[in-house]
Amino acid sequence: MPDNVTSLFRSTAAHSPSMAALTRESDGAGPVDFCIPCNPYFPTPAMFEEMAARLPDIITYYPSSADTITAELCSLLQLPPQCVAMGNGSTELITWIDHLLVRESLAVPVPTFGRWTDQPMETGKRVDMFPLQESSGFALDLAQYAEFIRARGTRVAVICNPNNPDGGFLHKHAVVQFMDAMADLDLVVIDESFLEFADAENEPSVVQEAMLRPNVIVLRSLGKNFGLHGIRFGYLVANPALAGRVRSMLPKWNLNSFAEHVVFMLKEHGAEYAQSLHQVRRDRMDMSGQLSSLPGLTVYPSQGNFLFVRLPVGAEGTVVRDRLLTEHRILVRECGNKIGSSSRFLRLVVRPQVDVRRLVTGLEQVLYGTSRRGAAVSEQATGTAYSSGTAAVDRLVSQTNGAGTRGLAQAAGAGMPLPAAASAPAVGPGGGMPVPAAAGLPQPEPQPVPQPVPVPQPVPVPQSQPQQFPQPAAYPEPAPQPAPAAPPLAPAAAFAAPAPAPAPVQVPPATGPTPPGVPARGGLTAAQVRGTDGLSMAPATGWPGAQSWPDAAGMGQAAG
C-alpha cells in the first residue's frame, strides 16, 4: 500500500476508492474491508463455487428480461410483481425516482445516504436538510421532521430506516403514522436498504402498507444483505401505478446475468441466508462492546450492519483512516464528506470477531500509541473543509434552504466557533458536537457505549396520537399557477383545507410553488431546529429462528 493514500481518496468520485483500485496499488491483496456495508456470511462458499462453475455461461449470454427476474424474486418474497420494480442497484432506482417523481423539493434528515442529498441537487431540486442531533444519539424525531416539512413546504419526504451512517431505527407503527400524516405530499420514500439486519422488531418493514397508499415507495437493497455489492441489484415496492411508472422507464436488460443467477439460486438457500443475518446481529453486539472499551471513543446504538463512532478529541478522521490503511491494511469509512457529519466520525462495518480484534489493535496503536494510555493523534483538520458536523449543516442549510445568516455560514466554513445562540449545548461526549482543534477544549473521560433506552413493544396507536404530526388540513396548498412546470402526480389540492386554518408553524401566505433554488417561505435554520428529542432506541430482542426463506420484511416465515 502506498505511503500517501490520501491521493487515492481524492481521486475518486465516490467516498472511498474501490477495492479493485486499492488492490492494484498494493501487492495484489486488498485490505480488510470495514468500509463497504456488506454481509460477510452470504453467499456461502458452496454458493460461490456454484457461481464459479457457471461463470462461462453467466458472462457469455444475455440475461432474461427484468420482468422474468422480478417475477422470480416476487415469488420468493410473496409480493405482487405489479407492485415491484427491480433496478441495477438502489442508486438506479433513486435516480429514476428523482427524475420522475420529485418535481421541486425533497426533505431528508442528515447525515444519511449521500444519493438522497446529491441526486436531487444535481437535477436542480431544492433539498431541505433536517439535521439529526448528536445529543439525542442521531435519533430522528418524526414529529419534529413533519413540522420541518410543513414549514418548508416540501413536496417529497425521505426516511432511511435504519439510517446510514448511524444505524438509527424507527418502529413500524411510527413510520406508518408518519406516512399517513404526509398523505398530501407528492411522494414519501422509506429507504429500507439495511432493514434486514435489524432485530428490534419481528416485522419492521412497511412494504405491505406502502402498496395500499397512493404516494409511498419503499426502497430495498439486495447487494447489501446478500453480500454481493458487485452485482448491482435492488428493488422498490409501491402501489401498481407508482411501481409501473418507474418500471416503464427501466431498460429491458437493466439486470445482468449474475443478478439473474443469484435470484434463481436463493430459493434453495433460505436457511443459510437467515443464519447469516443472525450472525451479523450477534457480531454487531460483540463489536460494539469491544469498540466501546477504547477510551474516548463513542459508539452509537445501531440496527444496521455498521456502527457509527466518534473519535476521541484530537483525533482527525482522515489521519486515522490513512494510518489504518497504510500501517494495518484496514479500510474504514471516514465521514467528513457526508453532509451533517464531520471527520471526527467513522462508520465501521460489522465483521467477524477475528477482523474486529485486528481493527481494535490498529485503533489502539493509531489513537494512543502502543498502549491505551498514549495520546490521540494530534493532526487536526487536514482532510475536511469544515470542523464540525453542526457547522457543516448550518453552512449547507443556509445556502440551500435559504433561511440562515451569512455570518453563520462564513463561520462554519472557516471552522470558527459558532455563536452561542446557534451552537448546540455542550453536554459531554454524547452531547452537542464540539469543534475539534478548539484551544483548551477539555478532554472527555472514557465513555461506555450509549445504551438503548427500553421502550414498550408496539401497541395500537391511540386516537389522539396522530395529533403529534402537523395535519394536512392545517397547511393549505399554494394557489394554482397559469403555467405549472409539471402536472401534479396526485390531486394534492384535495387534501387542502377550503380556507386557511391556524397552524403550529406560522407560514407566510403562499403565492405558488417555490421555484428550484429559490429560498422557500417560512424556512428554518439548523440552529432553530436544534435541541429536539428523538425516538428512543429499541433494545435488541434476540433473533428469530426462521428455518425457511424470510418474508418480504426479511424477518419472518414465508409459506411455500
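Heavy-atom surface analysis with a 1.4 Å probe gives region 111-266 a carbon and sulfur content of 56 percent of its accessible area.
Rounded to whole numbers, the Karplus 3J(HN,Hα) couplings from phi for region 111-125 are x, 7, 4, x, 5, 6, 9, 6, 4, x, 5, 5, 9, x, 7 Hz, using 6.51 cos²θ - 1.76 cosθ + 1.60 with θ = phi - 60°, and x at Gly and Pro.
Please list the non-local residues whose amide H lies under 5 Å from the amide H of residue 307, H modeled 1.01 Å from N, same-chain partners needing a gap of 5 or more. Placed amide hydrogens put 348, 349, 350 under 5 Å from residue 307.
Counting only heavy atoms of the protein chains and using a 1.4 Å probe, residue 327 has close to 100 Å² of accessible surface.
Kindly give Rg over Rh for region 195-353, based on alpha-carbon atoms, with the Kirkwood expression for the hydrodynamic radius. Don't skip to the end; give the middle numbers.
Details: Rg = 19.1 Å, Rh = 18.5 Å.
Rg/Rh: 1.03.
Specify whether the C-alpha gyration tensor of region 99-258 places it in the rounded, prolate or oblate class, a ≥ b ≥ c being the square roots of the eigenvalues: rounded for a/c under 1.5, otherwise prolate if a/b is larger than b/c and oblate if not.
Working: a/c = 1.42, a/b = 1.18, b/c = 1.21.
Cα axes put region 99-258 in the rounded bin.
Once the mean 1/r over all distinct Cα pairs of region 40-133 is inverted, what Kirkwood radius in angstroms do you read off? Result for region 40-133 stands at 16.7 Å. Cβ-Cβ distance of residue 71 and residue 271, R₀ of 22 Å, FRET efficiency by 1/(1 + (r/R0)^6): the value works out to about 0.40.
Taking amide hydrogens as placed 1.01 Å from N in the peptide plane, the amide H of residue 213 sits under 5 Å from those of 239, each at least 5 positions away in sequence or on another chain.
Tally Lys and Arg at +1 and Asp and Glu at -1 over the other residues with C-beta under 13 Å from the C-beta of residue 65: what net charge comes out? Don't skip to the end; give the middle numbers.
Working: positive: 247, 252; negative: 67, 72, 260.
Around residue 65, the charge tally is -1.
Remark: region 35-48, residue by residue, has Karplus-estimated 3J(HN,Hα) of 9, 8, x, 10, 5, x, 10, 8, x, 6, x, 5, 5, 4 Hz, where x stands for each Gly or Pro and the curve is 6.51 cos²θ - 1.76 cosθ + 1.60 at θ = phi - 60°. Computed from the Cβ-Cβ distance with R0 of 51 Å, the FRET efficiency linking residue 100 to residue 53 stands at 0.80.
Relative to the compact globular guide of 2.2 N^0.38 Å, what is the alpha carbon radius of gyration of region 80-185, as a ratio? Walk me through the numbers before you get to the answer.
Numbers: Rg = 13.9 Å, N = 106, 2.2 N^0.38 = 12.9 Å.
With N residues counted in region 80-185, Rg over 2.2 N^0.38 Å equals 1.07.
The dipole here belongs to region 239-291: it is taken about the Cα centre, uses +1 on the Cβ of Lys and Arg and -1 on the Cβ of Asp and Glu, and is about 320 debye. Heavy-atom accessible surface of residue 333, to the nearest 10 Å², is about 10 Å², with a 1.4 Å probe and all protein chains retained. Taking amide H atoms as placed 1.01 Å from N in the peptide plane, the amide H of residue 160 lies under 5 Å from those of 191, each 5 or more residues away in sequence or on another chain. The aspartates and glutamates within cross-link reach of residue 252, meaning a Cα-to-Cα straight distance under 17 Å and a gap of 8 or more places when in the same chain, are 67, 72, 92, 260. Pairs of Cα atoms nearer than 8 Å and 6+ residues apart set the relative contact order; for region 49-149 it is 18 percent. Charge dipole (Cα centre; +1 on Lys/Arg Cβ, -1 on Asp/Glu Cβ; no other charges) of region 263-323 amounts to roughly 120 debye. Show which lysines lie in cross-link reach of residue 125 when reach means a straight Cα distance below 25 angstrom and same-chain residues fewer than eight apart are skipped. Within the straight-line limit of under 25 Å, residue 125 reaches these lysines: 338.
Sequence-ordered 3J(HN,Hα) estimates for region 181-195 from the Karplus curve with 6.51, -1.76 and 1.60 and θ = phi - 60° stand at 5, 9, 5, 8, 6, 4, 7, 10, 10, 10, 8, 9, 4, 10, 5 Hz, glycine and proline given as x.
The values are calculated or read from the model by the stated rules, or taken from the named source; none is laboratory data. Because the structure is predicted, anything quoted here is derived from the model rather than measured. Cβ coordinates were reconstructed from backbone atoms using ideal geometry, including for glycine residues, and neighbour counts include every protein chain displayed. To get the accessible areas, we keep the full protein, side chains included, count just its heavy atoms, and leave off ligands, DNA and RNA. Shrake-Rupley method; radii C 1.70, N 1.55, O 1.52, S 1.80 Å.
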